[in-house]
1. So how many residues does the range 227-251 have that are farther than 15 Å from residue 273 by Cβ and surrounded by 16 or more Cβ atoms within 10 Å (Cβ to Cβ)?
2. Step by step: first the residues of the range 160-182, then only those that are in a loop (DSSP other than H, G, I, E, B) and surrounded by 16 or more Cβ atoms within 10 Å (Cβ to Cβ), then the one that is farthest from the chain's Cα centre (by Cα). Which residue is that?
3. Let me confirm something: among 32, 21, which residue is more than 19 Å from residue 178 (Cα to Cα), assigned by TED's automatic domain parsing to the domain that holds residue 56, surrounded by 12 or more Cβ atoms within 10 Å (Cβ to Cβ) and under 31 Å from the mean Cα position of the chain (by Cα)?
4. Any idea which of (1) loosely packed, with under 14 Cβ neighbours inside 10 Å; (2) in contact with a helix residue (DSSP H, G or I) (Cβ under 6 Å, 6 or more places away or on another chain) is the one residue 40 doesn't satisfy?
């Protein structure tokens, strides 16, 4: 294959780019949004749940436009703000903040709900913004948001998202080659946030919640995105936390991050190094993550 352009691990030939130019020329009045839909339909470029990969396609077309391979029409509307510049979520909600300190056996029945695209999503975002040390950041790509209730009272939040592109200890543990990783990365879920609300002090609660979430996350992902999850991962900043609940739930410590971040170009450690934790969801996880076309 005569590769002319590469975007997010996918190769594009001169023939692909010529096809894009032709499609743009055939639809002179189409917006960039509409063109991305047309390209995805022409290429049958879809997520596992059948929806078009139009957001990825718009990113691809913009990258090709900037590289001089294609000429996109002018924007018809201003783009949304960068996720890091979006308005902060509201935190002026009423939540019972009376201390909840008891034995685990004395808690009301626990219920874990997936709240993405529900009326409780704003509460999830506000609680994360107000009480998690990293605040709230809107995930990009596949993700789920879980809230934990004791009776009717919210007590915890968990955020799950698409996995980071390249993590050395994880990739070596799984046995991934770059090619297989590009193909199967979507079969991993990354625990980006785990918050027990600060007025809740119940021994063993965090590991219990994590364990219950782990047992349902693959089915929840299947329902939302049309494919399962076979492996979970997270990072623990050991300067702040001991990662006790992950240890209690039998997560594996695979090593440490480099501390350089995804935008590093000069190989300079500028971030705190974190423990890389992983949890296979089945004994044959390597076969499922490395099996290529047999998945």
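1. 11
2. For the range 160-182, the residue satisfying everything is 176.
3. Values: 21 fails: under 31 Å from the mean Cα position of the chain (by Cα).
Of the residues listed, the single one that is more than 19 Å from residue 178 (Cα to Cα), assigned by TED's automatic domain parsing to the domain that holds residue 56, surrounded by 12 or more Cβ atoms within 10 Å (Cβ to Cβ) and under 31 Å from the mean Cα position of the chain (by Cα) is 32.
4. In the conditions (1) loosely packed, with under 14 Cβ neighbours inside 10 Å; (2) in contact with a helix residue (DSSP H, G or I) (Cβ under 6 Å, 6 or more places away or on another chain), residue 40 misses (1) alone.
Here's the yes/no breakdown for (1) closer than 30 Å to residue 96 by Cβ; (2) out of contact with any helix residue (DSSP H, G or I) (no Cβ under 6 Å at 6 or more places or on another chain):
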{"residue": "156", "(1), (2)": "yes, no"}
{"residue": "163", "(1), (2)": "no, no"}
{"residue": "180", "(1), (2)": "no, no"}
{"residue": "186", "(1), (2)": "no, yes"}
{"residue": "191", "(1), (2)": "yes, yes"}
{"residue": "199", "(1), (2)": "yes, yes"}
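The values are calculated or read from the model by the stated rules, or taken from the named source; none is laboratory data. Keep in mind that this is a model prediction, so the values were computed, not measured. Cβ coordinates were reconstructed from backbone atoms using ideal geometry, including for glycine residues, and neighbour counts include every protein chain displayed.
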